[in-house]
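Right, one structure below, let's go through it.
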Amino acid sequence: SQQGEEDPQALSIQEGENATMNCSYKTSINNLQWYRQNSGRGLVHLILIRSNEREKHSGRLRVTLDTSKKSSSLLITASRAADTASYFCAPGNMLTFGGGTRLMVKP
Amino acid sequence: EAGVAQSPRYKIIEKRQSVAFWCNPISGHATLYWYQQILGQGPKLLIQFQNNGVVDDSQLPKDRFSAERLKGVDSTLKIQPAKLEDSAVYLCASSLEPGAGAGTKNIQYFGAGTRLSVL
């Protein structure tokens, strides 16, 4: 298994702004997933992108994947206070999570 | 469909005591995972079951932690005896298939977790 490393560790923005967080990993993967964790809750699956996809959208979420650079990014557009959470990437067989990005969206 | 159920939600014990957590995965999910999440960190996999067999327990502290998945459905995780450093949230997750392959069947669904405080 391999671990994704999220960057930055913490991000604070105003409501309505866009939030971008990045994920790097080390070995080849078939797919990469992003999860969200609200305080005191379990992780919730957000989106899965396959290795043959470069970009994927889901509502206000946009995920990119660059397999040559072994990196992915998650963009949340028009952020809301409810987006305040920790975000984790899960590359490949996703049995190991990094420390996540803690996003705070101020109203 | 019902989600992953975990109980209890909170548990406070003293060090050297024993504790057990219960998880009921989503119906039909063959794979079940237990994670330990220490405050401020990401979840760390403790053990993965495929039906009632263990796939990976390399990070399970076997001197004090044990887990079982009888009949390939519900699972229990036990700590005996507990240490202060075991204070964490214990998350259970399930998926249709093990975390391999390019499909969506390896998406994990998490329970709300059990918050353990060891005093």
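Here, each number is a calculation from the coordinates, and none is a lab measurement. Since we're looking at a predicted model, the values are computed, not measured. Note that we place each Cβ from the backbone using ideal geometry, even for glycine, and neighbour counts take in every protein chain shown.
Before moving on, here are some points about what is shown:
- For the stretch B:84-93, putting each phi into the Karplus relation 6.51 cos²θ - 1.76 cosθ + 1.60 with θ = phi - 60° gives couplings of 4, 6, 7, 4, 4, 9, 9, 9, 10, 9 Hz, in residue order, rounded to whole numbers and with x for Gly and Pro.
- Listed residues B:Q36, B:Q50, B:Q80, most fluctuating in chain B (Gaussian network, C-alpha, under 10 Å): B:Q80
- Pairs spanning more than 20 Å between alpha-carbon atoms, out of B:K15/B:K62; B:K11/B:K78; A:K106/B:K44; B:K11/B:K71: A:K106/B:K44; B:K11/B:K71.
- Overall dimensions of chain A as given by Cα atoms, namely Rg and Dmax in Å: 12.9, 39
- Cut-off 17 Å (backbone N to label point 7 Å along Cα→Cβ of A:H57), residues of the stretch A:7-42: A:18-19
- Loop-located trypsin sites (Lys or Arg not before Pro) in the stretch B:13-119 (DSSP state other than H, G, I, E, B) with a sparse environment of at most 13 neighbouring Cβ atoms within 10 Å: B:K15, B:R16, B:K62, B:K83.
- FRET efficiency, A:K106 to A:V44 (Cβ-Cβ, R0 25 Å, nearest 0.05): 0.70
- A Förster distance of 22 Å, applied to the separation of the beta-carbon atoms of B:W22 and B:N52, puts the FRET efficiency at 0.90.
- With a Förster radius of 45 Å applied to the beta-carbon distance between B:R9 and A:D66, the computed FRET efficiency rounds to 0.65.
- The aspartates and glutamates whose alpha-carbon is closer than 18 Å to the alpha-carbon of B:K83, local same-chain residues fewer than 8 away aside, are B:E14, B:D63.
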